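Laboratory data are not the source of any read-out in this text; all were calculated from the coordinates shown. Just so you know, these numbers come straight off a predicted model, no measurement behind them. Ideal geometry is used to build each Cβ from the backbone, glycine not excepted, and the neighbour counts take in all protein chains shown.
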Amino acid sequence: MRPTLLLAAAVVIVSCRSGNNQSKPASQPPAQAVTKPPEIHEPEEAETQVEFVNVNIHLDPVLVLHIRHLTGKFLPTRKGQPPTFDDKLSYIVAIDSAEVGVSMASMTYAMNTYVFGDPDAPLKNLRLSRQGSQIKQSGTLKKGIGIPFEMVGTMSATPDGKIRIHPTRMKAAHLPVKGLMKLFGLDMAKLINTRNTKGFTVDDNDVILDPTLMLPPPKMRGRITAIRVQDDEIIQTFGKEKAGLAAGSRHSNYIAYRGGVVRFGRLTMIDADMRLIDADPSDPFDFFPDHYNDQLVAGYSKTTASGGLLVYVPDYNKISKPLTPR
């Protein structure tokens, strides 16, 4: 008798469930059964704030920028994909405020390699040096067998945030000349042809440099508000001074990331809170994005009480042998 009662109860329960779903075809599953795999992303308005303090950042093995301080945003370049340290084309550093220096040697290298690196570029063998508070450029004008030239000029910021060089003295083949048109002659058309030069244009008698186009990735963009020649560096000021992400920090050399999504290696950090800290604060933090993993492996990390990450990193130039091939 007991098995019979249980069977009857089961039939009643099934009948009740079937009756409650009479309005829906049997072939369609309940709405709640249709689910999507979870996605790892932040709302579109979530951005990663970034701060650099006393960092020498390598754009390539030779070209180094000395970032005294920088605040801005670490932004993705591809919609729907967060920035990843493993792909320096996946992000851009949008500068709000900064002071960035580049040595005359690095600037010389950048001009020869990236600005006038094309075989048909009109200027070759460039060399930049300081002359008082002005900048001196010498090189060869690619015309016939090549004409040596020399130009001394003052540097200033344009209203749209680029670099203007106004010549105060020019020579071609060791003879004084007046005006860039006289100096470059028929090669002016090539000089302003963007197929042969990058980030270099001519405005009347002045040279205009656009660092956002001149330099290789990782890209940095921002509005230059002042520029000066100091010691052996060209120092660019961006925007206005702002409070940093790690105000009051006891660390003197670091890179900090906060908010948004950041990927590095196999890890994805949501609502990022990470600081890369110079293991040796006696000199600037030497950091090379191409070999960031080598630096992380050679260092160590600590987790903060709030779930953030402090990573103590040795300088790139003090690592005995980089592990990551490039």
Original post:
What's the local net charge at ASN112, with K and R +1, D and E -1, over the other residues with C-beta under 10 Å away?
Top reply: +2
Subject >> Cα gyration tensor category, rounded, prolate or oblate, for region 58-138 with a/c compared to 1.5 >> reply: oblate
Original post:
Taking LYS79 as the anchor, which aspartates and glutamates have their alpha carbon closer than 14 Å to its alpha carbon, excluding any fewer than eight residues away along the same chain?
Top reply: GLU42, GLU44, GLU45, GLU47
Original post:
Quick one: if you stick a label point 7 Å off each Cα along the C-beta vector at ALA94 and ASP283, how many nm between them?
Top reply: 3.6 nm
